[in-house]
Amino acid sequence: MRVVVVGAGLGGVAAAVGLHRLGHEVTLFERGAELREAGTGIVVMPNGLRALDALGLAEDVRGHVMRVTHGGLRDWRGRPLLVTDMARARQEIGAPAMIERAELHRSLRAPLPSELVRTATPVERLEPGPTGVTVISEGNPVVRADAVIVADGIGSTLRAQLFPAHPGLRRTGRMDLRGMLPRPPGLDPDLLAGQLVDRRSGAMFGLFPVGEDRLYWFTDSALHGTPPDADEARRQMLSLMADWHPLVTTLIEATPPAAVYVDPIACLAEPLPSFAVGRIALLGDAAHAMSPDLGQGASQAFEDAAALCRHLGNAEPVDVAERLLRYDTERRPRANHMMRAASRQSRLTSRTGIAAWLRDTLLRAVPSRLATRQLAALWNA
């Protein structure tokens, strides 16, 4: 069966590899001139690791499982609010992996033969027919496929064509600044592991180890007007967080400018009515772009890829539309649940004033065992 995957991000590459290994004739289209991922670190949650296991792609990633013993939420001074026992969660359900995005992409794409990849080929349109889908690039038909997997990211143009009445993306009014740097000598990775929240400004700082010698950090703060460039955003965060735990500003200042990235946070304005339209299926951010508050974006894309491979594994061309409906039935409720949960988490951590003071008071009252159980339930859902 001939399958086209549009978009060579993490989810698209994982799906292409999985479908190729199942014996399908796969072509991966990428608008960029080469296969690559830019950025900083990325977390793969235990559920995402299980999906990569199903695809046979988890071995390298599992070498980056985090070894911190505690996580949760802290206030801006680093004092615990909600404590999770990461060692216990790791025993019960596994632990997240923290890996450099470019390294993860290289690992996932390694099994894909280069002749299956067409770079510098933007897919502008899909033309479905009764027996296949024609892929249009730069005004010309380039291939006809039995199935097409749309994995062209958060700003998917093909999603907009498939669902013209859908409102598309909405900005959350928040800004994400993130960076990576070498770990300072003698730094305990548990010192500020997790996320710091500030009830005065609604801002957040997160810190995670990447291997033995690097750290990944991010900030989440209110965005007013046009997103600033990385240098200006860093200056804004250093000013905003000047009286936070001293390690926060130390790490931001120590990060090389080239290793700092900034983005306005966006998500789908509302869930899609379906992840499948005839012989076309959507995957990852194209299907369910969510805020980053639960760190589930990549893991949900890997779950999509694993589900597509299960449903298309032994499919013939005549089976495609029915198999993709099964994929939609399996994945849409789960992914949309995560979208809603991420939005709730964003509202919780960005509160200010009295509401935030009440939040902090209630969080301090939650027993660590209960917080750990809830975290495990999220990872195991």
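Rg/Rh for region 192-292 to two decimals, with Rh computed the Kirkwood way over all alpha-carbon pairs. Let's see the in-between values first.
On the way: Rg = 17.1 Å, Rh = 15.9 Å.
With Rh from the inverse mean 1/r over Cα pairs, Rg/Rh is 1.07.
Can you give the % of DSSP beta bridges in the chain that are antiparallel, to the nearest 5?
If I count the DSSP bridges inside the chain, around 75 percent turn out antiparallel.
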Radius of gyration and Dmax for the chain's Cα atoms, expressed in Å?
21.0, 63
Write down the radius of gyration of region 1-71 and its Dmax, each obtained from C-alpha positions, in Å.
14.4, 47
Stokes-Einstein diffusion coefficient for region 87-145 at 10 °C in a medium of 1.306 mPa s, Rh from the Kirkwood formula over Cα pairs: what value in µm²/s?
103
Per-selection metrics, region 136-231 (Cα): Rg and Dmax in Å:
20.3, 58
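From the gyration tensor of the Cα coordinates in region 10-154, what semi-axes in whole Å does the equivalent ellipsoid have, largest first, with each one equal to sqrt(5λ)?
Working: eigenvalues 280, 56, 39 Å².
With the √(5λ) rule applied to region 10-154, the semi-axes are 37, 17, 14 Å.
Across the chain, where is the longest run that never hits GluC sites (Glu not before Pro) in a DSSP loop with at most 10 other C-beta atoms within 10 Å? The partial results should precede the final answer.
On the way: sites that count: Glu34, Glu138, Glu212.
Within the chain, the longest run free of exposed GluC sites (Glu not before Pro) spans 213-381.
With runs of 4+ DSSP H residues as the only contributors, calculate the mean residue ellipticity of the chain at 222 nm using -39,500 (n - 2.57) per run, divided by the residue total and rounded to the nearest 500.
Helices in the chain give a 222 nm mean residue ellipticity of -11500 deg cm²/dmol.
What number do you get for region 301-379 when its Cα radius of gyration is normalised by 2.2 N^0.38 Å, N = residues? Can you show the working numbers first?
Working: Rg = 19.2 Å, N = 79, 2.2 N^0.38 = 11.6 Å.
Ratio of Cα Rg to 2.2 N^0.38 Å: 1.66.
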Whole-percent pair-distance distribution, where bins are 10 Å wide, for the alpha carbons of region 114-175
18, 46, 26, 9, 1
Using the Cβ atoms and a cut-off under 11 Å, what net charge is assigned to the surroundings of Ile252, where Lys and Arg are +1 and Asp and Glu are -1?
+2
Length-normalised contact order for the chain - Cα pairs under 8 Å, 6+ apart - percent:
24
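Which helices, taking whole DSSP H runs in the chain, have alpha carbons extending 20 angstrom or more along the helix axis plus mean Kyte-Doolittle at least 0.0? Before the final figure, lay out the partial values.
On the way: long enough: 297-312 (23 Å, 0.16); 320-349 (42 Å, -1.20).
Those that clear 20 Å and a mean of 0.0 are 297-312.
Throughout, read-outs are computed from the coordinates displayed, never taken from laboratory work. Just so it is clear, the model here is predicted, and its values are computed rather than measured. When we count neighbours, we look across all protein chains shown, and the Cβ atoms used for this are built from the backbone with ideal geometry, even at glycine.
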